[in-house]
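Below is one structure, written out as structure tokens, with a few remarks after it.
The values are calculated or read from the model by the stated rules, or taken from the named source; none is laboratory data. Computed from a prediction, not measured in an experiment: that's the story for all the values here. FYI the Cβ positions are ideal-geometry reconstructions off the backbone, even for glycines, and counts take in every protein chain you see. Surface accessibility is based on the protein's heavy atoms, side chains included, excluding ligands, DNA and RNA. Shrake-Rupley method; radii C 1.70, N 1.55, O 1.52, S 1.80 Å.
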2 protein chains.
Amino acid sequence: MLSQNIQTALKGNSVIRAMFNEGKEMAEKIGAENVYDFSLGNPATPAPASVNQAIKDAVDELDSMELHGYMANAGYPDVRAAVAENLNKRFGTDFDFHNIIMTVGAAGGLNIVLKAFLDPGDEVIAFAPYFGEYRGYAANFGGKIVEVAPNLENFQPDLVDFEKKITDKTKAVIINTPNNPTGVIYSDETMTKLGEILSKKEKEYNHEIYLISDEPYRELVYDGEPVRFLTKFYHNTIVGYSFSKSLSLPGERIGYVVVPNEVTDAEKVQTGIEIANRQLGFVNAPSLIQKAVAKCLDEQTDVAYYDKNRELLYGELTRMGFTCIKPQGAFYLWVKSPVEDEEQFVQAAKKYHILFVKGSAFACPGYVRIAYCTSYERIEKSLPAFEKLAVDMGVSR
Amino acid sequence: MLSQNIQTALKGNSVIRAMFNEGKEMAEKIGAENVYDFSLGNPATPAPASVNQAIKDAVDELDSMELHGYMANAGYPDVRAAVAENLNKRFGTDFDFHNIIMTVGAAGGLNIVLKAFLDPGDEVIAFAPYFGEYRGYAANFGGKIVEVAPNLENFQPDLVDFEKKITDKTKAVIINTPNNPTGVIYSDETMTKLGEILSKKEKEYNHEIYLISDEPYRELVYDGEPVRFLTKFYHNTIVGYSFSKSLSLPGERIGYVVVPNEVTDAEKVQTGIEIANRQLGFVNAPSLIQKAVAKCLDEQTDVAYYDKNRELLYGELTRMGFTCIKPQGAFYLWVKSPVEDEEQFVQAAKKYHILFVKGSAFACPGYVRIAYCTSYERIEKSLPAFEKLAVDMGVSR
């Protein structure tokens, strides 16, 4: 007798599981090396050597009670201070350790932030296409995702529709830039206008509306795009960050939340999020890995690795006749389905042993997401299969 | 504008924070070495050397993508299999990796189990005294803790009151043995009867009632008590375990949940809990530490260390005239307050720089919890202060 919420999720899950099993069966039948699986957003580069060294150093140098023991629910003060200083150095902010709460990944961070703010019936706005897990996160606290229609022109947020969707029940807005699944970076112009709309609506409804900036792909940007930090466009901005992509540590569940002093009642909000961290059962971010990432804050993710993949895949698929959005960041290629129902496109690709995800999973049908966080060689090897798919779908020019 | 739930918690939190600050001010004034802080359940023994070795070995031997990468939300299959085999060896069970879900500590484990089962309005029964965090955990999912009155005779569960408290809304029962805060171990007789009552009530109400066994102190037992594993008394039993105490790793947030095959629709329940792990934002238990604990499953916690403390503190406080329950397990001494309102007892103790927690925090007023997870020398040094407290409270014989 599972809860209603989990029974519903179980039904959705069996679809994903079916896909997963299909891929597995495919791999068993024809060999894993002949399946082109572009469905998962798992980093393809190893963690920098300095992370592993920092782990070993921490084990050798720190007292066991310090290394593996409880600390404040917000994390080690020295780790939080190191994160604050690093952000200040890079983005000209003025944080200290109070502004930083270490979290169990970005997913943990988003959940404790939503728990801190949401009452049942509250609305959270997300811009389609968006990471589908947000729906579950809001539902955890009785909140509801309200979708802003996608802007099919350039996949910047549709701010006209956005303004219409804000109601008295709007408690938060989630943005994710560089974006999963489109790879688009929200422009400074977009962000400025978005902040202005929120400020206006806060006054109109006379209560706070929080802008939650989900930034796991912050450093993964191409073509000389600056690395952006989004607290400057709107006062009630809360940032959620993860080291999953930047240090290739997705399994370790390590990230942080930033609550700037500009947030209304910032101290209360910081404490509220810290309490939520405890009450939801996270308690604190894993201790050893906190100590390790604090030593690696200047490490760079290997952007060139993904950039090569991006250029190859975007160039070739475009040449073949597919319509693609050129990614400015992250490691996903967003491709228009040659047929209206993109599920047919997904199914057709499977004939050539290519796996990718339908846009409906991101609240944007008619598109698919191809994750290019794999090796260059895998992408090269997959091109003849894509070529056949292009012919099959009738897009070849 | 925090959520109602967190605003309420914030009020409670400021009381705890006030206590914490009081202790800190006390330490600043008279020196930390002169404050006898018995308020926290933080392990006092370091992690076994083998854990740190296992961490370094994993870093040296495993590929970065395997060590720090995503795995299934339930954890690495090889780690889950190792846990299953270790339980089978020790308790004669017949688990395989499907029965084990690696979790972000026991707190994470309890939360995903409750999320999997609870709909708003559902009731969860807990036996007073119990760990106060359970209230927040149930509230996370709209559930409500229903308290069974304490059995002041021997602090075994009051099964007569228990049977009365079960209603059609009862979805789960949480037990914690060895118990925090009493140190009492629920006897086989208690557990057998408890299981019989649950089986009867399941039939009466025609739906599942889950027994959730929270077992962080499982191995911390004294006087030759056997280490018990509680899945044999009732078919719908789910175990939550943590390595926080047994391997002194509370900061690492690593534990597991066991769903035996005897649970109704076991496979669905396993998947439901796995989905809850993802949806609540835990995603998976931290990866590196999963690999490390899998190599240390036969490690023993240093029970003798705590046993010495137990004998000293229980013996001396009893001699002074305090009424104490002799702990059979865990590392807490449960002491009857010499005055009806135990808050007065807590305040009086502060005069002698002794800090402990009032029983009301565990839904059992009239008692206090003294955590003896500290060094033997600290306890020895505190005895003159306890002696003065005994005189002050008029308990000296």
Legend entry - Selection within the stretch A:189-230 - more than 22 Å from A:Ile325 (Cβ to Cβ), crowded, with 23+ Cβ neighbours inside 10 Å and either aromatic (Phe, Trp, Tyr) or in contact (Cβ under 8 Å) with a residue 60 or more places away in the chain (or both): A:Tyr210, A:Ile212
Legend entry - All positions within the stretch A:61-81 that are surrounded by fewer than 20 Cβ atoms within 10 Å (Cβ to Cβ) and more than 14 Å from every other protein chain (Cβ to nearest Cβ): A:Ala81
Legend entry - Every residue from the stretch B:341-360 that is without any contact (Cβ under 8 Å) to a residue 40 or more places away in the chain and assigned to a helix (DSSP H, G or I): B:Glu342, B:Glu343, B:Gln344, B:Val346, B:Gln347, B:Ser360
Legend entry - Selection count, the stretch A:71-81, where residues are farther than 15 Å from A:Tyr241 by Cα and assigned to a helix (DSSP H, G or I): 3
Legend entry - Complete set of residues in the stretch B:231-247 that are open to solvent by less than 10 Å² (accessible area, probe 1.4 Å) and either part of a loop (DSSP other than H, G, I, E, B) or over 12 Å from B:Arg218 (Cβ atoms) (or both): B:Tyr234, B:Asn236, B:Thr237, B:Ile238, B:Leu247
Inset, instruction - Among the numbered conditions (1) within 14 Å of chain A (Cβ to nearest Cβ); (2) at pLDDT 95 or above, tell me where B:Ile100 comes up short. - result: (1)
Legend entry - Output for the stretch B:318-358, where each listed residue is over 19 Å from B:Val395 (Cα atoms) and small (Gly, Ala, Ser): B:Gly329, B:Ala330
Inset, instruction - Would you check which residues across the stretch A:213-237 are more than 20 Å from A:Gln328 (Cα to Cα) and within 12 Å of chain B (Cβ to nearest Cβ) and list them? - result: A:Asn236
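Rundown of residues vs (1) surrounded by fewer than 24 Cβ atoms within 10 Å (Cβ to Cβ); (2) over 21 Å from the mean Cα position of the chain (by Cα), yes/no style:
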site	(1), (2)
A:Leu87	yes, no
A:Asp94	yes, yes
A:Met102	no, no
A:Gly108	no, no
Legend entry - Residues satisfying the stated conditions in the stretch B:260-284, i.e. open to solvent by less than 10 Å² (accessible area, probe 1.4 Å), within 8 Å of chain A (Cβ to nearest Cβ), part of a loop (DSSP other than H, G, I, E, B) and aliphatic (A, V, I, L, M): B:Leu280
Legend entry - Listing of helices (runs of 4 or more DSSP H) fully contained in the stretch B:130-208 that carry 2 or more residues being within 25 Å of B:Leu220 (Cα to Cα) and among the aromatic types (Phe, Trp, Tyr): B:133-139
Legend entry - Check on A:Val160, open to solvent by 10 Å² or more (accessible area, probe 1.4 Å), without any contact (Cβ under 8 Å) to a residue 12 or more places away in the chain and more than 11 Å from chain B (Cβ to nearest Cβ): yes
Inset, instruction - Go through (1) open to solvent by 20 Å² or more (accessible area, probe 1.4 Å); (2) more than 24 Å from the chain's Cα centre (by Cα) and name the single condition B:Pro46 misses. - result: (2)
Inset, instruction - For the stretch B:137-156, name all the residues that are within 30 Å of B:Gln7 (Cβ to Cβ) and away from chain A (no Cβ under 14 Å). - result: B:Lys144, B:Val146, B:Glu147, B:Val148, B:Ala149, B:Pro150
Inset, instruction - For the stretch A:23-47, name all the residues that are at the interface with chain B (Cβ under 9 Å from one of its Cβ atoms) and either basic (Lys, Arg) or touching a Leu at 6+ places or on another chain (Cβ under 7 Å) (or both). - result: A:Ala47
Inset, instruction - Mind listing whichever residues of the stretch B:361-376 are part of a strand (DSSP E or B) and open to solvent by less than 10 Å² (accessible area, probe 1.4 Å)? - result: B:Val368, B:Ile370, B:Ala371
